[in-house]
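Encoded as structure tokens, the structure appears first; notes follow it.
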Amino acid sequence: LNNCSSMLEKIALLKGEKIQSDEHARNNNIFFNAFNEYVKLATSCGVMKKFNSYVFSSQDLIELKKINKQIKDTFETKQTISPIILQNSIRRVNERLQSTWNIFSDNLTKETLDQLEIFWLVCNNRKEIRDIINSIKGIREWPLTEEKYKRYVQNIENANSQIKEVHFDEDIEVFLRKIKDRTATLLDLNDKILTWIRENNLNGNIMLAIKM
């Protein structure tokens with residue numbers, strides 16, 4: 001009986017150690033999954049800071065500071081404390097920043113993309129312009145990366161160069177929008193528009209229809 005009692009105590013002890021070991025393993029898994037999410041979030045924040053007009057909210061800055069501290073403490077102490085709370089905090093901030101970035105990036109790219117979409121209708125290098133458009137749209141995709149940022153900067157420069165090269169201004173844009181909406185008339189073909197069409201060799205790309 002004494003031997004049985006001793007064995008039961010050892011089994012209970014081993015079970016307790018296994019439970020603790022399993023819980024420790026689960027906490028570690030949750031922490032490192034959260035840390036991987038944090039790396040993507042931190043990279044996105046680094047890209048967002050490159051845009052001087054983007055402003056982080058006080059709430060996001062406070063939570064990011066807390067997240068940073070908890071991650072730093074975990075690596076220093078090698079103890080995972082409340083990893084689920086950490087993971088939830090990261091996801092909460094990530095969702096908020098993604099939401100605000102969607103609005104910011106739409107406003108950031110709207111004017112350039114509108115001009116390119118209109119010019120694409122009549123240009124001679126449609127594939128090149130479409131590639132530029134798609135690359136610029138890539139900065140809207142979350143999470144952000146340095147590669148996306150570099151492509152964005154390069155293609156914004158390409159877009160501005162294209163627009164400048166063909167002397168694309170407000171009058172031209174208004175005319176092309178009328179062409180797109182099929183509201184352009186012969187009265188819209190003034191000397192400036194006709195000169196622009198000839199200079200950019202777009203004669204065969206623009207057509208006025210007879211109103212039925």
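Set side by side, the residues Asp114, Asp106, Asp131 differ, and just one is within 13 Å of the chain's Cα centre (by Cα), surrounded by fewer than 19 Cβ atoms within 10 Å (Cβ to Cβ) and assigned to a helix (DSSP H, G or I), which is Asp106. Listed conditions (1) surrounded by fewer than 17 Cβ atoms within 10 Å (Cβ to Cβ); (2) at pLDDT 90 or above are all met by Lys211, apart from (2). Filtered by the rule that a residue be part of a helix (DSSP H, G or I), open to solvent by less than 50 Å² (accessible area, probe 1.4 Å) and among the aliphatic types (A, V, I, L, M), region 154-191 gives Ile156, Ala159, Ile163, Ile172, Leu176, Ile179.
Within the option set Glu63, Glu37, being of a type in the set (Asp, Glu), touching a Lys or Arg at 6+ places or on another chain (Cβ under 8 Å), touching a residue at least 40 places away in the same chain (Cβ under 8 Å) and closer than 15 Å to Asn88 by Cα holds for one residue only, Glu37.
Looking across region 61-90 at every residue that is more than 16 Å from Asn29 (Cα to Cα) and among the charged types (D, E, K, R), the one that is most open to solvent (accessible area, probe 1.4 Å) is identified as Lys65.
The values are calculated or read from the model by the stated rules, or taken from the named source; none is laboratory data. Keep in mind it's a predicted model, so treat the numbers as computed, not measured. Note that each Cβ is placed from the backbone with ideal geometry, even for glycine, and that neighbours are counted across all protein chains shown. Areas reflect the complete protein model, heavy atoms only, side chains present, ligands, DNA and RNA absent. Shrake-Rupley method; radii C 1.70, N 1.55, O 1.52, S 1.80 Å.
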